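The values are calculated or read from the model by the stated rules, or taken from the named source; none is laboratory data. Computed from a prediction, not measured in an experiment: that's the story for all the values here. Cβ placement follows ideal geometry from the backbone for every residue including glycine, while neighbour counts extend to all protein chains displayed. These area figures cover heavy atoms from the full protein model, side chains too; ligands, DNA and RNA do not enter into them. Shrake-Rupley method; radii C 1.70, N 1.55, O 1.52, S 1.80 Å.
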Amino acid sequence: MKQNVLSFSKGLIEVGRRTYERGYVASNDGNMSARIGKNRVMITRKGISKGFMKAKDLIIVDMNGRVIRGNAEPSSEVFMHLQIYKERPDVHSVCHAHPPYATGFAVAGRSLDQHVLPEVIISLGTIPLVEYGTPGTADFYKPLLPLISSFDAFLLANHGALTVGKDVFDAYHKMETLEHFAHIAFVATQLGKVTSLQAKQVQTLIEARPKYGIRKNVGAKTAEGKSLLK
């Protein structure tokens, strides 16, 4: 168990460092977590820069949010993380950050629902916009719950972005993909034209997911909930 905890803590510390150095968070923004057992979650503590974390800055809680290990309070968004794990048994890590381009779309009230890049369609599909809720409260994550079974990446209105994955690095890499896509979408918009792939081309990419080990139904809907598969 000790070795297992050490491995997860190293992963979260590394992901925190990458998130901070890439400018996806500022100051003490953001939070990350990992499911480390059936009823245990390791999460970043409240009020810590993600770029300078140490093992002591990672708190272990049970599925009710009770601190099992650590001498600090867990992130104020701990209950959002726990609810995601309850809703998605396949998810083993959650990454929440404020990457500038993705957050720009979230502030503008725009989902990333244009299907333009094959790699993004395969890995994430549609990226919906989640309605605003006050951070640190249940209202923050309640609008997410109807969407969590169908998507792995989200824009949080007037707040930031959220990704989930099968492990710490999978969740983080989805955040990288999300921000990279948002940047490209922004540039294309400034150039005056965004060319979307045809529905049949999108369907072909989604159907190819199993050979990449990706759930076929992830993000396989429009932002309005219409299926992209026939």
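Need one number: convex hull volume per residue for the chain, Cα atoms only, in Å³.
Numbers: hull volume 26.1 nm³, N = 230.
Looking at the chain, the number lands at 114 Å³ per residue.
To the nearest 0.05, how large is the calculated FRET efficiency for Arg88 and Leu197 if R₀ is 30 Å and r is the Cβ-Cβ distance? Could the numbers behind the result be given before it?
Numbers: r = 28 Å, r/R0 = 0.92.
According to the calculation, E is roughly 0.60.
For segment 5-49, what % of the accessible area comes from carbon and sulfur atoms, probe 1.4 Å? Show your work: numbers first, answer last.
Details: 880 of 1950 Å².
About 45 percent, which is the carbon plus sulfur part of the accessible surface.
Suppose a student asked you for the relative contact order of segment 1-109, using Cα pairs under 8 Å spaced at least 6 residues apart; what percent would you report? Write down the numbers at each step before the final one.
On the way: 176 pairs, mean separation 29.8, N = 109.
This gives 27 percent for segment 1-109.
Going Cα to Cα from Lys10, which lysines come in below 27 Å? Please leave out same-chain ones fewer than 8 positions away.
Cross-link targets: Lys2, Lys38, Lys46, Lys50, Lys54, Lys56, Lys86, Lys166, Lys174.
Just flag the chymotrypsin sites (Phe, Trp or Tyr not before Pro) in segment 36-101 sitting in loop per DSSP whose Cβ has no more than 16 other Cβ atoms within 10 Å.
Working: sites: Phe52, Phe79, Tyr85, Tyr101; in loops: Phe52.
In loop regions of segment 36-101 (DSSP not H, G, I, E or B), the sparsely surrounded chymotrypsin sites (Phe, Trp or Tyr not before Pro) are Phe52.
Relative contact order of the chain: what whole-number percent is it, with Cα pairs under 8 angstrom and at least 6 residues apart?
On the way: 445 pairs, mean separation 43.3, N = 230.
This gives 19 percent for the chain.
If we count GluC sites (Glu not before Pro) as exposed when they sit in a DSSP loop and have at most 16 other beta carbons within 10 Å, what is the longest stretch of the chain that avoids them all? Mind showing how you got there, number by number?
Numbers: sites that count: Glu131, Glu224.
Counting only loop sites that pass the neighbour cut-off, the longest clear stretch is 1-130.
Place the peptides 195-201, 107-113 in order of packing, highest mean first, counting for every residue the other Cβ atoms within 10 Å and averaging per peptide. Present the calculation step by step, with values, prior to reporting the outcome.
Values: 195-201: 11.0, 107-113: 16.1.
Averaged packing, sorted descending, gives the order 107-113, 195-201.
Taking each pair of different alpha-carbon atoms in segment 105-166 once, compute 1/r for the pair, average those values, and report the inverse of that mean as the Kirkwood hydrodynamic radius in Å to one decimal.
On the way: mean 1/r = 0.0831 Å⁻¹.
Result for segment 105-166 stands at 12.0 Å.
Can you run the Rg to Rh ratio on segment 1-83? Use alpha carbon positions and the Kirkwood inverse-distance Rh. Each step should come with its number before you reach the end.
On the way: Rg = 11.7 Å, Rh = 12.5 Å.
Expressed as Rg/Rh, it is 0.94.
Mind checking the dipole of the chain: about its Cα centre, +1 per Lys or Arg Cβ, -1 per Asp or Glu Cβ, Debye to the nearest 20? All intermediate terms of the calculation are to be shown ahead of the outcome.
Values: 30 positive and 20 negative charges, 125 e Å.
Around 600 debye, computed over the chain.
With a point put 7 Å past each Cα toward its Cβ, work out how far His183 is from Lys54 in nm, to one decimal.
3.2 nm
Determine the per residue accessible area of the chain with all protein chains present and a 1.4 angstrom probe, expressed in square angstrom.
That works out to 48 Å² for each residue.
Could you check the simple spin-label distance between Glu131 and Ala208, using points 7 Å along Cα→Cβ, in nm with one decimal?
A separation of 3.7 nm, rounded to one decimal place.
For the pair Glu73/Ala26, report the inter-label distance in nm, with labels modelled 7 Å from Cα in the Cβ direction.
Each label point lies 7 Å from its Cα, and together they span 2.3 nm.
Expressed as a whole number of Å, what is the distance separating the alpha-carbon centroids of segment 153-206 and segment 55-95?
26 Å
Calculated from DSSP H runs of 4 or more alone, at -39500 (n - 2.57) each and per residue, what is the 222 nm mean residue ellipticity of the chain, nearest 500? Walk me through the numbers on the way to the answer.
Numbers: 7 runs with 81 residues, N = 230.
Computed mean residue ellipticity for the chain: -11000 deg cm²/dmol.
Suppose we look only past 20 Å in the calculated P(r) of segment 139-221. What percent of the Cα-Cα pairs does that tail hold?
Counting every Cα pair in segment 139-221, those more than 20 Å apart make up 46 percent.
Return a whole-number percent for the relative contact order of segment 142-201, with Cα pairs under 8 Å and 6 or more residues apart as the contact set. Let's see the in-between values first.
On the way: 30 pairs, mean separation 10.4, N = 60.
Answer for segment 142-201 is 17 percent.
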